1. About the Cα centre, and with charges only on the beta carbon of Lys, Arg (+1) and Asp, Glu (-1), how big is the dipole of the chain? Nearest 20 debye, please.
2. Through the Karplus equation 6.51 cos²θ - 1.76 cosθ + 1.60, θ set to phi - 60°, convert the phi angles of segment 124-132 into ³J(HN,Hα) values in whole Hz; use x for Gly and Pro.
3. Could you tell me the distance between the Cα centroids of segment 135-179 and segment 13-71, to the nearest Å?
4. Students often check this: by mean Cβ neighbours within 10 Å, which of 3-10, 42-49, 53-60, 105-112 ranks highest, and how do the rest follow?
5. Running Debye on segment 120-179 with equal point scatterers at the Cα sites and no solvent, what base-10 log of I(q)/I(0) appears at q = 0.19 Å⁻¹?
6. Using C-alpha positions alone, give me the convex hull volume of the chain per residue in cubic angstrom.
7. Give me the number: length gained by fully extending ASP61 to HIS148, i.e. 0.36 nm times residue separation minus the C-alpha to C-alpha distance, one decimal in nm.
8. Considering the convex hull of the alpha carbon atoms of segment 16-80, report its projected area averaged over all viewing directions, in nm², one decimal.
Amino acid sequence: MSLLTIKDAATGALELSTSDAAEIAAALAPINVRFERWPVANLPAGADAETVLAAYRPQLDAFMGDTGAGTADVIKLDSSHPQKDALRAKFLSEHTHTEDEVRFFHEGAGNFIMHVGGKVYDAYCTQGDLISVPANTHHWFDAGTEPHVTALRIFTDTTGWTPHYTGTDMSERFPAVTG
Ligand SMILES: [Fe+2]
């Protein structure tokens, strides 16, 4: 189940913990993070990228019409991936991008953790969740040491997705909280 926890970035004090999708969306809206749930397509496990993209085409078209994003692809990561540790490390330190980071979880789960305005917003996203982290938001991502994720990535400009590291130890101080 999806879970949002909000903590004070200085003290670590817990300010909110909720699994309710409407409450999660309402708590993330003030920092311009979009959170919504889409119906999960009924596909065989391990369906290929084109099949996954085709299954979500109506939702993708609606989202792209809303946001101006132009392309989407599918990323799969599981515990057998030979580069899973390197991939985890790449996005585990606090960073920003020059474009929005948009993901929809078709299978599996992962944490998007945003550091904004003296608070840490840890969104544990699970199957059916869409999250959009605005450009220039300090954040990191963790799917754990044994990842299991099949996600749509939606891009406005794929060159904007390079991580720019902030050099903080925030992700060590605030390890991901899973549901
Ligand atoms: Fe990122």
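1. On the way: 12 positive and 24 negative charges, 16 e Å.
The dipole magnitude comes to about 80 debye.
2. Each residue of segment 124-132 in turn: 7, 9, 10, 3, x, 8, 10, 9, 10 Hz.
3. Cα centres, segment 135-179 to segment 13-71: 16 Å.
4. On the way: 3-10: 18.1, 42-49: 11.1, 53-60: 15.2, 105-112: 21.8.
Those peptides, ordered most packed to least, come out 105-112, 3-10, 53-60, 42-49.
5. Evaluating at q = 0.19 Å⁻¹ gives log10 I(q)/I(0) of -0.93.
6. Working: hull volume 20.1 nm³, N = 179.
Expressed per residue, the convex hull around the Cα atoms of the chain is 112 Å³.
7. Details: separation 87, 0.36 × 87 = 31.32 nm, distance 2.60 nm.
Extra length from ASP61 to HIS148 when fully extended: 28.7 nm.
8. Values: hull surface 25.7 nm².
If you wrap the Cα atoms of segment 16-80 in a convex hull and average its projections, you get 6.4 nm².
Any read-out appearing in this document is the output of simple, stated calculations on the displayed coordinates, not a laboratory observation. Note that this is a predicted model, so its numbers are computed, not measured. Cβ sites come from the backbone with ideal geometry, for glycine too, and all protein chains shown count toward neighbours.
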